[in-house]
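Structure first, commentary second.
The values are calculated or read from the model by the stated rules, or taken from the named source; none is laboratory data. These figures come from a predicted structure and were not determined experimentally. A quick note on method: Cβ atoms are made from the backbone with ideal geometry, for glycine too, and the neighbour counts reach across all protein chains shown. Side chains are part of the model used for accessible areas, which takes the heavy atoms of the whole protein and leaves out ligands, DNA and RNA. Shrake-Rupley method; radii C 1.70, N 1.55, O 1.52, S 1.80 Å.
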Amino acid sequence: MGRVDLVGGGPGPADLMTVRAHRLLMEADVVVADRLGPFEELRSHLGAGVEVIDVGKRPGHHPVPQDEINALLVHHARAGRRVVRLKGGDPFVFGRGGEEVLACQAAGIPVTVTPGVSSAISVPQAAGIPVTHRGVSAALHVVNGQGELTPSALASMADPAVTTVVLMGVAAIPRLAAIALASSVPSTTPVAIVENGHTAVQRTIRSTVGTIVADAEEADVINPAVIVIGEVAREGLLLPTAEMLAESSA
Ligand code: SAH
């Protein structure tokens, strides 16, 4: 009997994985990987006999459906292999890791989960934005931009003491902004969009709820990006920002 290890890969760079995540990856017989995360950088470090299965979404290609991913994990573990399911960020933050755990348990396959550095916190940080900051923001609300904006998400956006972080939100910016403005979210609420966090092409767009649609369109924002709504997204909260430091040391 093999086993399945769900492993958080962090937001991109291999050295933002945990030591345990890296060890499990190097011990794997089969790696089932997503597009996001450190995978491309680590691929060449895997042993020659390791089977790599790419199930991530790429432009122009459909992702492998979740039930097929579950079946793949179970199939390879039943064949006696050590399977690492490598995911971007943390497996349990919009990563469907819970479904994979349930599928393994239902099949009687031993399964572990290793946490990862989630983009929800680490991507704002890469742009110099602390998701909480004493005297500015005392709470964090993380939402999926592809879903509906619940009353609690709108309340968090309207509350100046709460930071709202939206993942998978780029395509939904016009819808999200319209709903927020139609609710009681002030149009002056700061917004930052951090694109390709922790990569060489990281970029931050600063705006407000009232102007974000035009600003995101003008900047031609692309995935992956994290949207931060709240006072911590205001330009100049921390000076100099991480990006300014990176530029000055380049
Ligand atoms: N489990 C992941 C999130 C998966 S949802 C985690 O914990 O980070 C995928 C979303 O994560 C993307 O749409 C984007 O909003 C965000 N994301 C992941 N990596 C990112 C990166 N390097 N830069 C910006 N956003 C990123």
Just to be sure, is PRO160 more than 30 Å from ASP34 (Cβ to Cβ), in contact (Cβ under 8 Å) with a residue 24 or more places away in the chain, open to solvent by less than 50 Å² (accessible area, probe 1.4 Å) and of a type outside the set (A, V, I, L, M, F, W, C)? no
For region 120-179, which positions are in contact with a Gly (Cβ under 6 Å, 6 or more places away or on another chain) and near the ligand (Cβ under 9 Å from one of its atoms)? VAL123, ALA126, GLY145, VAL166, MET168, GLY169
Could we say that ARG43 is within 23 Å of VAL93 (Cα to Cα), out of contact with any helix residue (DSSP H, G or I) (no Cβ under 6 Å at 6 or more places or on another chain) and either assigned by TED's automatic domain parsing to the domain that holds VAL201 or surrounded by fewer than 24 Cβ atoms within 10 Å (Cβ to Cβ) (or both) here? no
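Go through region 217-247 residue by residue and tally those that are assigned to a helix (DSSP H, G or I), modelled with pLDDT of 95 or more and loosely packed, with under 13 Cβ neighbours inside 10 Å.
The first filter runs over region 217-247 and keeps only residues assigned to a helix (DSSP H, G or I), leaving 217-219, 231-233, 242-247.
With modelled with pLDDT of 95 or more added as a condition, the list becomes 217-219, 231-233.
Filter once more, keeping what is loosely packed, with under 13 Cβ neighbours inside 10 Å: 217-218.
Number satisfying all stated conditions: 2.
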Do we have HIS22 as without any contact (Cβ under 8 Å) to a residue 40 or more places away in the chain, more than 16 Å from the ligand (Cβ to nearest atom) and not in a loop (DSSP other than H, G, I, E, B) here? yes
Being open to solvent by less than 50 Å² (accessible area, probe 1.4 Å) and within 28 Å of ILE222 (Cβ to Cβ) is true for just one of LEU167, LEU140. Which residue is that? LEU167
Over region 136-176, the set of residues polar (S, T, N, Q), more than 17 Å from the chain's Cα centre (by Cα) and outside any loop (DSSP other than H, G, I, E, B) is SER137, SER152, SER156
Selection from region 170-194 of residues that are closer than 19 Å to SER122 by Cβ and surrounded by fewer than 22 Cβ atoms within 10 Å (Cβ to Cβ): VAL170
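Which of the residues belonging to region 6-40 are open to solvent by less than 80 Å² (accessible area, probe 1.4 Å), under 19 Å from the mean Cα position of the chain (by Cα) and closer than 17 Å to VAL55 by Cβ?
Passing the criteria: LEU6, VAL7, GLY8, GLY9, VAL32, ALA33, ASP34, GLY37, PRO38, PHE39.
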Which of the residues that make up region 46-55 are under 18 Å from PRO91 (Cα atoms) and more than 14 Å from the ligand (Cβ to nearest atom)? ILE53, ASP54
For region 122-157, which positions are hydrophobic (A, V, I, L, M, F, W, C) and without any contact (Cβ under 8 Å) to a residue 24 or more places away in the chain? ALA153, ALA155
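This table checks each residue for (1) at pLDDT 95 or above; (2) aliphatic (A, V, I, L, M); (3) within 12 Å of the ligand (Cβ to nearest atom).
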residue: GLY9; (1), (2), (3): no, no, yes
residue: GLY12; (1), (2), (3): no, no, yes
residue: ASP34; (1), (2), (3): no, no, yes
residue: ARG43; (1), (2), (3): no, no, no
residue: VAL83; (1), (2), (3): yes, yes, no
residue: ARG96; (1), (2), (3): no, no, yes
residue: CYS104; (1), (2), (3): yes, no, no
residue: GLY116; (1), (2), (3): yes, no, yes
